[in-house]
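Heads up, the thing below is written out as structure tokens.
The values are calculated or read from the model by the stated rules, or taken from the named source; none is laboratory data. Since this is a predicted model, take the numbers as computed values, not measurements. For neighbour counting, all protein chains shown are included, and Cβ atoms are generated from backbone atoms with ideal geometry for every residue, glycine included.
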Amino acid sequence: MLEIILRGCVVKIVADQNMPRVREMFSAYGELHLLSGREISAADVIDADILLVRSVTIVGRALLAGSSVKFVGSATIGTDHIDLNYLETTGIGFGHAPGCNAESVVQYDLSVMCRLMPDWKSKKIGIVGCGNVGGRLYKRLQALQVSCAVYDPFLSQHQIPDLGCLDNVLECDVICVHTPITVDGEFPTQHLINAQVLAKLKSGTLLINAGRGAVVDNKALLASLKADSGLQAALDVWEGEPLLDINLMNLVALATPHIAGHSFEGKTQGTQMVFDRFCQWANISVKTEVGADENMMLRLEVNSLEEAILDCYDVSLDDQRLREAMRGLDEGSQSIAAAFDRLRKDYPVRLEFGAYTVDYATDNLAQYQSLGFNLG
């Protein structure tokens, strides 16, 4: 309840400055302090009541012990940066945004495939992890009648008809990794894609990781690419980010700075979902809905689905920006981390397919609709 934290003074809200529209939604409920998410410290939150973060802030005992924080919101799909057990045992409320940017990440995958495997619709695509992102990718590919294989030990074949073992996925032409990072339990995902797994991949396989960096063993991937194994890799997430491995970046086919989910709609919906959860926790009935002023309808004149995808979002432009930002920087230097974070902070507005109307398309119109495009 919000009244519990008032204590006769102004509520203090500490928030990641990269959460879009956080000021519009939260400023009416307290004194808002916007900070760099990666630099939020225990000193910043010691007297805070509300903490709002994205994936770059590690939230647990080290950050919150001794603080007055009563609610933590994370505008992210995943929660591996949050110590949920600590929040539960200390009675701190929590809300996050599962699925908020899933569509954005799916569109990232499609853009990568259009750039690196233009005939992807005739290939077999494997999905590792079929949750919010992987599940949506699977549905999109099904609608396009693309052959798929899925690995997710927490699902059943009744839920996913194309579910099978990991080895089935490894035989695919394209492998999309969309699993959270876990280090224990029956099916840990840390280094799930390791040297032994990479050795099983046939020449020409395209590996896309837009999940979590450490699911793919980056050192093993570097060794495989150095050995000219015939593997193509596209990485949006990296072990040790923001301090990415420049040598690995130079060898992957496409490299981006953890922006697969950075569509305008995905980021804004993340803030909205956290705000809704905050309102529920604080028993606030009046909610501020996210406006759509910037999400105006745009028109496309294209001759193919691939052209439409790339006209909306061309991943190669993000690849160029990352490589240019890293040019001349020394391996392992903190300037790499700073450049990586700056690209994320200053990321240009990117709209999802639903913001576009396709005119004069000459191929199967149902394909455009299945990916969320509007038809003129």
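Here are a few things to note about the model shown:
- Residue match in segment 138-154 (condition: under 30 Å from F71 (Cα atoms), within 22 Å of the chain's Cα centre (by Cα) and in a loop (DSSP other than H, G, I, E, B)): yes
- G66 vs. criteria of a type in the set (G, A, S), assigned to a strand (DSSP E or B) and either free of Cβ contacts under 8 Å to residues at least 40 places away in the same chain or under 15 Å from F275 (Cα atoms) (or both): no
- Unique residue being closer than 20 Å to E324 by Cβ and buried (at least 23 other Cβ atoms within 10 Å of the Cβ) when the list is L221, L235, L251: L235
- A355 being surrounded by 15 or more Cβ atoms within 10 Å (Cβ to Cβ), of a type in the set (G, A, S) and either more than 22 Å from I208 (Cα to Cα) or at pLDDT below 95 (or both): yes
- Looking at L155, L144, just one residue is out of contact with any Cys (no Cβ under 9 Å at 6 or more places or on another chain) and touching a residue at least 24 places away in the same chain (Cβ under 8 Å), and that residue is L144.
- Of all residues in segment 71-108 being in contact with a Gly (Cβ under 6 Å, 6 or more places away or on another chain) and assigned to a strand (DSSP E or B), the one that is surrounded by the most Cβ atoms within 10 Å (Cβ to Cβ): G73
- Selection status of D152, over 23 Å from N364 (Cβ atoms), surrounded by 13 or more Cβ atoms within 10 Å (Cβ to Cβ) and acidic (D, E): yes
- Selection within segment 263-314: residues that are among the polar types (S, T, N, Q) and surrounded by fewer than 18 Cβ atoms within 10 Å (Cβ to Cβ). The member of this set that is modelled with the lowest pLDDT is N295.
- Among the residues of segment 325-352, those that are under 18 Å from the mean Cα position of the chain (by Cα) and either loosely packed, with under 13 Cβ neighbours inside 10 Å or touching a residue at least 60 places away in the same chain (Cβ under 8 Å) (or both) comprise F340, D341, L343, R344, K345, D346, Y347, P348, V349, R350, L351, E352.
Yes/no per residue for (1) over 16 Å from D217 (Cα atoms); (2) buried (at least 20 other Cβ atoms within 10 Å of the Cβ); (3) at pLDDT 95 or above:
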position	(1), (2), (3)
S147	yes, no, yes
I175	no, yes, yes
D184	yes, no, no
A195	no, no, yes
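- Residue in segment 1-8 that is in contact with a strand residue (DSSP E or B) (Cβ under 9 Å, 6 or more places away or on another chain), in contact (Cβ under 8 Å) with a residue 40 or more places away in the chain and part of a strand (DSSP E or B) present: no
- Counting only helices (runs of 4 or more DSSP H) wholly contained in segment 200-287, the ones carrying 2 or more residues that are in the same structural domain as G73 (by TED's automatic domain parsing) occupy 264-282.
- Just one of (1) on the phi < 0 side of the Ramachandran plot; (2) free of Cβ contacts under 8 Å to residues at least 24 places away in the same chain fails for G185. It is (1).
- For the condition touching a residue at least 12 places away in the same chain (Cβ under 8 Å), within 20 Å of the chain's Cα centre (by Cα) and on the phi < 0 side of the Ramachandran plot, A282 does not qualify.
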